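As structure tokens, the structure follows; a few thoughts come after it.
The values are calculated or read from the model by the stated rules, or taken from the named source; none is laboratory data. Bear in mind that the values here come from a model prediction, so they are computed numbers and not experimental data. Here the Cβ is made from the backbone with ideal geometry for all residues, glycine too, and neighbour counts use every protein chain on show.
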Amino acid sequence: MEPGTPKNATLRKLSVRLPEAEDATGLPFDADAPSRRRPVKPFSEAMNTVLKHYGIDAKAVDTAGLDAMLRAWPEVVGPELEKRLKPDRFDKGFLYVTVGSNAELFEIRQFKLRAIEAKAKQHPAFAGLRQIRLHVG
């Protein structure tokens, strides 16, 4: 290193510099490339890993039922509502679902919630469902 040059100047020369993206001002970029991402695991598999880490018997906790419910959700609500409704959690027979805004909450609660609940209660993946509760998230 030459005298009088800052220490990071050498590191800048060694670091990889990517070309600037054209016409992409203000767009967020992924921190990691899709080729470097780990494959997606089913929720039940991830939960079993966490439970195992804390010494809890994974067979005592049923996460496969929640996975089945999440897989069947698009079939129950349909393609239009699937984009607008996201199931959060299932607790004591109540399925908590997030909607995007108060206007959507009102619309779905007034016009579509009863039909969604009726269809979900008929589906085998939603065994034990008492009620669907909506909240803005």
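Cβ-Cβ contacts under 8 Å between residues 6 or more apart (or on different chains), taken from a first residue in the range 71-93 that is farther than 17 Å from residue 104 by Cβ to a second residue that is among the acidic types (Asp, Glu), are listed as 74/82. Within the range 85-105, if we keep just the residues that are of a type in the set (Val, Ile, Thr) and farther than 12 Å from residue 69 by Cβ, the residue that is surrounded by the most Cβ atoms within 10 Å (Cβ to Cβ) turns out to be 99.
Residues of the range 106-137 that are touching a helix residue (DSSP H, G or I) at 6+ places or on another chain (Cβ under 7 Å), surrounded by fewer than 16 Cβ atoms within 10 Å (Cβ to Cβ) and of a type in the set (A, V, I, L, M): 136 alone. Going by the structure shown, is residue 134 over 13 Å from residue 69 (Cβ atoms), among the aliphatic types (A, V, I, L, M) and touching a residue at least 24 places away in the same chain (Cβ under 8 Å)? Yes, satisfied. Does residue 50 satisfy being in a loop (DSSP other than H, G, I, E, B) and at pLDDT below 90? No, not satisfied.
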